[in-house]
Amino acid sequence: DGGDTWKGSYTSQMTQGQDMVNVMNALKPEAMTFHWEFTLGSERVREILADVYDGLGQNIYDKEWEEPPEDFKPYEFYESGGLKIAVIGQAFPYMPIANPGWMFPEYSFGIRDQHMQEMVDEVKMGAELVVCLSHNGFDVDRSMASKVTGIDVILTAHTHDALPEPVMVGETMLIASGSNGKFITRLDLDVQNGRIMGFAHKLIPIFSDVIEPDADMAKLIDDQRAPFEDQLSEVLGTTDSELYRRGNFNGTWDDLICNALI
């Protein structure tokens, strides 16, 4: 999970992210990194992580001591296809600038290229494949890949890009799968002696209007929303034109909000 998952809806606000955690647990993710999750407050983030998947962020530091805290792992090892894989987390580096810093006063962030290089060198002693799970954003990840050597794959998030093909920076492969369930990426890697010898990549669009929803998941989502159905179904206004938000740039819904603020 690349982040921005626990926050953003009315039910998330009312349950302090528990609605999203309950549904995400059904997908059984192994690890995640962070951005908007921290606007639940650092205490709530730690509380959730105590009960769920690994929270990874090599660039999350204790603000007082300027060293990695015990609360977040910089990386973790996993196994897939008989291969030992190291996943290094990279949380959103500009957190205190883009989000209210008083909600996580004990932490600092930043890109921390040098520490990332140290983590890559460290995990390479035990892993055959090094993956970075990043919320840097595509351009920042592309820059980081040019400075840090040894990362095989960066799963890049934050900027909501959907790349039809991997972008190569040296020997590092950048993968972006869009946002909001619009796509799923299948990536097959041929790894031999710690090197990627070949790969097959496909960015698969998810046509939700022609795919039958999973019954168990649909019920689980309905259960999370049920206590708030009256508020969610309240009519606030009507419009003669379509309101949408594409996710990357502005749309008519963004214009409505901005015009209201003006």
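The values are calculated or read from the model by the stated rules, or taken from the named source; none is laboratory data. All values reported here derive from a predicted model rather than from experimental measurement. Because the Cβ atoms are built from the backbone with ideal geometry, glycine has one as well, and the counts that use them run over all protein chains shown. Areas reflect the complete protein model, heavy atoms only, side chains present, ligands, DNA and RNA absent. Shrake-Rupley method; radii C 1.70, N 1.55, O 1.52, S 1.80 Å.
Might you let me know whether region 170-193 holds any residue that is farther than 27 Å from Tyr53 by Cα, free of Cβ contacts under 8 Å to residues at least 40 places away in the same chain and touching a Ser or Thr at 6+ places or on another chain (Cβ under 9 Å)?
Looking through region 170-193, at least one residue is farther than 27 Å from Tyr53 by Cα, free of Cβ contacts under 8 Å to residues at least 40 places away in the same chain and touching a Ser or Thr at 6+ places or on another chain (Cβ under 9 Å).
Tell me whether region 78-86 contains one or more residues that are surrounded by fewer than 22 Cβ atoms within 10 Å (Cβ to Cβ) and under 15 Å from the mean Cα position of the chain (by Cα). Spell out how you get there, then give the answer.
Taking region 78-86 first, the residues surrounded by fewer than 22 Cβ atoms within 10 Å (Cβ to Cβ) are 78-85.
Filter once more, so that each one left must be under 15 Å from the mean Cα position of the chain (by Cα): none.
Among the residues of region 78-86, not one is surrounded by fewer than 22 Cβ atoms within 10 Å (Cβ to Cβ) and under 15 Å from the mean Cα position of the chain (by Cα), which makes the answer no.
Yes or no, residue by residue, for (1) touching an Asp or Glu at 6+ places or on another chain (Cβ under 9 Å); (2) more than 22 Å from Phe72 (Cβ to Cβ):
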{"position": "Met125", "(1), (2)": "no, no"}
{"position": "Leu133", "(1), (2)": "yes, no"}
{"position": "Arg142", "(1), (2)": "no, yes"}
{"position": "Asp152", "(1), (2)": "yes, yes"}
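Inspect region 180-199 for any residue being of a type outside the set (S, T, N, Q), in a strand (DSSP E or B), in contact with a Pro (Cβ under 7 Å, 6 or more places away or on another chain) and surrounded by fewer than 20 Cβ atoms within 10 Å (Cβ to Cβ) and give the result as yes or no.
Restricting attention to region 180-199, the residues satisfying the condition of being of a type outside the set (S, T, N, Q) are 181-184, 186-191, 194-199.
Checking which are in a strand (DSSP E or B) leaves us with 183-184, 186-191, 195-199.
Keeping just the survivors that are in contact with a Pro (Cβ under 7 Å, 6 or more places away or on another chain) gives 183.
Checking which are surrounded by fewer than 20 Cβ atoms within 10 Å (Cβ to Cβ) leaves us with 183.
Scanning region 180-199 turns up at least one residue that is of a type outside the set (S, T, N, Q), in a strand (DSSP E or B), in contact with a Pro (Cβ under 7 Å, 6 or more places away or on another chain) and surrounded by fewer than 20 Cβ atoms within 10 Å (Cβ to Cβ).
For region 40-60, give me each residue that is among the charged types (D, E, K, R) and either outside the structural domain of Asp113 (by the TED database) or crowded, with 16+ Cβ neighbours inside 10 Å (or both). First the steps, then the outcome.
So in region 40-60, the residues among the charged types (D, E, K, R) come out as 43-44, 46-47, 51, 54.
Answer for region 40-60, where residues must be among the charged types (D, E, K, R) and either outside the structural domain of Asp113 (by the TED database) or crowded, with 16+ Cβ neighbours inside 10 Å (or both): Arg44, Asp54.
Only one of (1) of a type in the set (A, V, I, L, M, F, W, C); (2) more than 21 Å from Arg142 (Cα to Cα); (3) exposed (fewer than 12 other Cβ atoms within 10 Å of the Cβ) is not met by Met217, so which one is it?
Of (1) of a type in the set (A, V, I, L, M, F, W, C); (2) more than 21 Å from Arg142 (Cα to Cα); (3) exposed (fewer than 12 other Cβ atoms within 10 Å of the Cβ), only one is false for Met217: (3).
What is the number of the single condition among (1) more than 15 Å from the chain's Cα centre (by Cα); (2) without any contact (Cβ under 8 Å) to a residue 60 or more places away in the chain that Ser42 does not meet?
In the conditions (1) more than 15 Å from the chain's Cα centre (by Cα); (2) without any contact (Cβ under 8 Å) to a residue 60 or more places away in the chain, Ser42 misses (2) alone.
Have a look at Ile154, Ile97, Ile175 and point out the one that is open to solvent by 40 Å² or more (accessible area, probe 1.4 Å), out of contact with any Gly (no Cβ under 6 Å at 6 or more places or on another chain) and under 27 Å from Arg245 (Cβ atoms). Can you show your working first?
Values: Ile154 fails: open to solvent by 40 Å² or more (accessible area, probe 1.4 Å); Ile175 fails: open to solvent by 40 Å² or more (accessible area, probe 1.4 Å).
On inspection, the qualifying residue turns out to be Ile97.
Just the residues that are buried (at least 17 other Cβ atoms within 10 Å of the Cβ) and free of Cβ contacts under 8 Å to residues at least 60 places away in the same chain, please, taken from region 21-39. Working first, answer last.
In the first step, residues of region 21-39 are kept if they are buried (at least 17 other Cβ atoms within 10 Å of the Cβ); the result is 21, 24, 31-39.
Val21, Met24, Glu37, listed by residue number.
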